[in-house]
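Asker: I am attaching a structure below and will ask some questions about it afterwards.
The values are calculated or read from the model by the stated rules, or taken from the named source; none is laboratory data. Computed from a prediction, not measured in an experiment: that's the story for all the values here. Cβ placement follows ideal geometry from the backbone for every residue including glycine, while neighbour counts extend to all protein chains displayed. Keep in mind that these areas ignore ligands, DNA and RNA; they rest on the heavy atoms of the full protein, side chains included. Shrake-Rupley method; radii C 1.70, N 1.55, O 1.52, S 1.80 Å.
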Amino acid sequence: MYMLGPIPLWALYGGSSVLLLATPILLFSLYVAHIHWKYSHIPSPKRASFFLGHIPDFVAMKKQRQNEFLPLADVVLKWTAEVGNLFVIFIGLRPFVISNNPEDIKLVAADEGISKPSSFYKHLASVAGQRFMGSSLLTIADYPTWKPRRKLYDHTFKRSSLKELVPQFNECVAAFLDNLRLHADGMTEVPMKEAFHNLTLSFISKVGFSSDFNQLWDCKSLGLKYATESKLSCLASISFVGVQRQISDPLFKAREECLCLLHPLEARVYRECAASMGRIGRDCIEKRIKAVTTGGEVPNDILTQILQISCTDTSVDMETLVDDFVTFYVAGQETTANALSFAVILIHQHPEVLDKLLSEIEDVLGDRKEVTGDDLDKLKYTEQVIQEVLRMYPTVIRMIKESPRGGLELSGYHIPEGASISFFTAVMSRNPAFFNDPDTFDPSRFDVDKPR
């Protein structure tokens, strides 16, 4: 029989150290395994890493593109072809359920108990510590809170209400075309995306607020210290770039608050642009309220309609109006400018579509240079072209919801409570299961008498 001698002190300390290090690693690994098990019944592309999830897959695909921009919709479309219309991916420890089933969207959109994830939309409320969209329609995550706020604007954005504003649209388009003619010498290059940004800014300013913001949005009048004059041509776009930085880089806010690491000047530019938008909105709203209360001249525009409706709702204060003002610009300017840019590209690439467009416009308008509200219902092919542009290049590529208490069923799978659910319109619109020959630009697919 053998007796063990005394255990050396260093062995005791060494064993304890290993145990102290191994225990949290083991517990963390069990936690990760529990998350994977919780979603194991849902299809998923093969994970490249136990801890990182599908992050290495994104990195590898980006390298294949020689580090060029990797559209998220392209990745989702690839995985949809591999595993089906509903699957889950893991970005580190966080699971993201993705559905490209139209029936799932109908179910979620009709369920008032399903809200947006506040963890995502809170990034839109401020940029670099400066209030941006605040508590606007876009940032409110709770559906019961959002619904009555949205109803305030139902009348304002009805087709019949917008038809009354067609003369203001005509005025903006006329000025836009006059400016283009100044450069139509066959040699001068015109950056059309920037031109469309100015056009949509003009739309929103004139139709929404009866103002000429091209004069107001000037670096001298705004007194900006860090932003350059060229950047001021689109304050909304610059501010939103800051929002995108916050979403993609969770350390962005911390860096700005510490002012000790990367990009402090960049953060100041975002903050200045966001603050300037708020000041412009507040000034515009206060002047209109004064005109209404003192019996001054009040134009028929979207702001007047909003003020008339909001005066009966005590929950809508000045901060709320300013937040919606900023959101109106961000949501309206960038998206519309992008849609117009893609429309020009696609129409230029398809001369037969251009010929048909011009023929319809000539038939409806004749010698007139301005459109009336009644003309809009007659421009059927023009509407088909717009629908096809938005199908191929949707202005909003995805909708995000959060699984409610108790979870829900989508495509035959139980989605756990609290799960983030993304619906990619940019993927569904390119899915051969829903559209024939989806990569072909064919406006006639939206002809009511023709299958899509």
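Asker: Give the aspartates and glutamates reachable from K63 as a straight Cα distance under 16 Å; neighbours fewer than 8 places away on the same chain don't count.
Answerer: Counting by Cα, and skipping residues close in sequence, K63 has these aspartates and glutamates nearby: D74.
Asker: Continuing with the same structure: If the limit is 27 Å between Cα atoms, which of K122/K193; K206/K378; K287/K369; K151/K378; K356/K450; K116/K290 go over it? Don't jump to the answer; show the numbers that get you there.
Answerer: Numbers: K122/K193 29 Å; K206/K378 25 Å; K287/K369 34 Å; K151/K378 29 Å; K356/K450 17 Å; K116/K290 36 Å.
With Cα atoms farther than 27 Å apart: K122/K193; K287/K369; K151/K378; K116/K290.
Asker: Something else: To the nearest 10 Å², what's K151's accessible area with a 1.4 Å probe?
Answerer: 130 Å²
Asker: Heavy-atom accessible area of I25 with all protein chains present, probe 1.4 Å, nearest 10 Å²?
Answerer: 110 Å²
Asker: Hey, what's the Kirkwood Rh for segment 18-106 if you take every pair of different alpha carbons, in angstrom? Walk me through the numbers on the way to the answer.
Answerer: Numbers: mean 1/r = 0.0684 Å⁻¹.
With all distinct Cα pairs of segment 18-106 included, I get 14.6 Å.
Asker: Any idea how far apart E189 and M318 come out in nm if each label point goes 7 Å out from Cα toward Cβ?
Answerer: Computed distance between label sites E189 and M318 equals 4.7 nm.
Asker: Which of the peptides 137-148, 181-192 is most tightly packed, and how do the rest follow, going by the mean number of other Cβ atoms within 10 Å of each residue?
Answerer: Details: 137-148: 15.4, 181-192: 8.8.
In decreasing order of mean packing, 137-148, 181-192 become 137-148, 181-192.
Asker: If I take all pairs of Cα atoms in segment 337-452, what percentage of them are more than 20 Å from each other? Write down the numbers at each step before the final one.
Answerer: Numbers: 3733 of 6670 pairs.
Everything past 20 Å amounts to 56 percent.
Asker: If the cut-off is a Cα-Cα distance under 17 Å, which lysines reach K38, setting aside same-chain residues fewer than 8 apart in sequence?
Answerer: K46
Asker: Considering only DSSP states other than H, G, I, E and B, which GluC sites (Glu not before Pro) in segment 349-386 qualify as loop sites with at most 14 other Cβ atoms within 10 Å? Don't jump to the answer; show the numbers that get you there.
Answerer: Working: sites: E352, E360, E362, E370, E383; in loops: E370.
Of the GluC sites (Glu not before Pro), the ones in loops of segment 349-386 whose Cβ has at most 14 other Cβ atoms within 10 Å are E370.
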